[in-house]
Amino acid sequence: MTHHDFQTVNALKQDTNFSGSILVQQHEKTLFYADHGYANRAECIPNHRETKYGIASGCKWFTAIAICMLVERGELTFETKIKKYLDKDVPHVSDDITVHHLLTHTSGIADYFDEDEMDDFEELWVTNPMYRLRTIESFLPLFIDQPMKHPVGERFHYNNAGYILLGWLIEQISKKPFAEFVQEEIFAKVGMNNSGYFELDRLPPSTASGYIDLPDGGYKTNIYSVPVKGGADGGAYVTVDDVAKIWFKVMQEELLSKSMTEKLLKIHVQGDEDDYGYGVWIHQGEKEIVRYHLMGYDPGVSFHTAYYPENETVVVVCSNQSEGAYEIMEAIEDAIGKR
């Protein structure tokens, strides 16, 4: 496969004014890389291969991997009840919710951003200033006192709050801040040296600002549209190469044992479109799994990545604007014959 096979992708990133970085690797060797647009529009600083991008919900997988690590160490089980780790009276949180329920979006708890009830993420910060959300604990008041949405285990309903509770659990057991645990136990071990949970008002060099394009042709950054620091449900910053690294390390069973890796990647519940494992979407073909994939969308963020087990190929599309990653992902799948 050569760059010629990706001509449509190159044309699309130009035609759609895509802003971000694109990587395709097979057997850990780069088949295609491209970038476009600016990491900082005001200063005309271009995106490049070392640019760090926010990936929103794409990093729920990191939380799931962290939980699997603690289970493997014998510090909890997938049937552990979350209620006993909450340090105050929370009558609306069912006694029956387990780690498994939280991982698979089947807990039934209220979400702080429920797409069935609101479509504008920015509405959250009218009464809950985003600049105060710097810890896992600071997210709890957004949902912990709300009534359950449905009975425990009744059905799949994508839920950010469930992953916040998983982050809380990780902190209670490890005695470390969630971001520190992920940095030490996952990013450092994988070699994701350019990734982290950064604060919007303290971003490191080569980090892309997120941009929201406006109807009048202008734009604004997303600094008042997302939490100032991401948590266990989303908000890490990564490079495209770092995302590829974690795919290969997980699939080679270098982060978790064989049995725990299988548990992580097993289909546990049927989702809205594809099926769901622990923190990862799974597309099942007639006889075998065709694709594992992660995605994330926030104001000023769009992200898609996938691993295709048939030929050990990874695709990563990181964008620092609200749209664009999905279209590029479709074009790449056409180019590599995966659609």
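With respect to (1) surrounded by fewer than 17 Cβ atoms within 10 Å (Cβ to Cβ); (2) closer than 22 Å to TRP247 by Cα, the lone exception for GLY167 is condition (1). Scanning the range 255-308 for residues that are over 21 Å from VAL243 (Cα atoms) and among the polar types (S, T, N, Q) returns SER259, GLN270, GLN284.
Could you check the range 132-152 and list, in sequence order, the residues that are farther than 18 Å from GLY271 by Cβ and either assigned to a loop (DSSP other than H, G, I, E, B) or among the small types (Gly, Ala, Ser) (or both)? Those that are farther than 18 Å from GLY271 by Cβ and either assigned to a loop (DSSP other than H, G, I, E, B) or among the small types (Gly, Ala, Ser) (or both): LEU133, ARG134, THR135, SER138, PHE143, ILE144, ASP145, GLN146, PRO147, MET148, PRO151.
Taking first residues from the range 13-30 that are among the basic types (Lys, Arg) and partners that are at pLDDT 95 or above, the Cβ contacts under 8 Å between residues at least 6 apart in sequence or on separate chains come to LYS13/ILE22; LYS13/ALA34; LYS13/HIS36; LYS13/ILE328. Against the conditions (1) more than 19 Å from LEU76 (Cα to Cα); (2) among the charged types (D, E, K, R); (3) buried (at least 16 other Cβ atoms within 10 Å of the Cβ), GLU185 satisfies every one except (1).
For the range 288-330, a residue qualifies if it is over 23 Å from ASN222 (Cβ atoms), charged (D, E, K, R) and in contact with an Asp or Glu (Cβ under 9 Å, 6 or more places away or on another chain), and the qualifying residues are GLU288, ARG291, GLU310, GLU312. Taking the stated definitions as given, is ILE282 at pLDDT below 95, β-branched (Val, Ile, Thr) and outside any helix (DSSP H, G or I)? So ILE282 does not fit the description; no. The condition of being without any contact (Cβ under 8 Å) to a residue 24 or more places away in the chain, buried (at least 17 other Cβ atoms within 10 Å of the Cβ) and not basic (Lys, Arg) does not hold for ASP298.
Among helices (runs of 4 or more DSSP H) entirely within the range 153-269, having at least 1 residues that are touching a residue at least 60 places away in the same chain (Cβ under 8 Å) and of a type in the set (Phe, Trp, Tyr) singles out 160-174, 178-182, 240-251. Annotation: GLY74 fulfils all but one of (1) in a helix (DSSP H, G or I); (2) without any contact (Cβ under 8 Å) to a residue 60 or more places away in the chain; the unmet one is (1).
Filter the range 61-93 down to residues that are among the basic types (Lys, Arg) and farther than 16 Å from LEU264 by Cβ and give me whichever is modelled with the lowest pLDDT. Break it down into steps so the answer makes sense when it comes.
Filtering the range 61-93 down to residues among the basic types (Lys, Arg) leaves 73, 81, 83-84, 88.
Keeping just the survivors that are farther than 16 Å from LEU264 by Cβ gives 81, 83-84, 88.
Details: LYS81: 95, LYS83: 91, LYS84: 87, LYS88: 68.
In this case the residue turns out to be LYS88.
The values are calculated or read from the model by the stated rules, or taken from the named source; none is laboratory data. Every value quoted in this text rests on a predicted model; they were computed, and no experiment measured them. Reconstructed Cβ throughout: ideal geometry from the backbone, glycine too, with neighbour counts over all protein chains shown.
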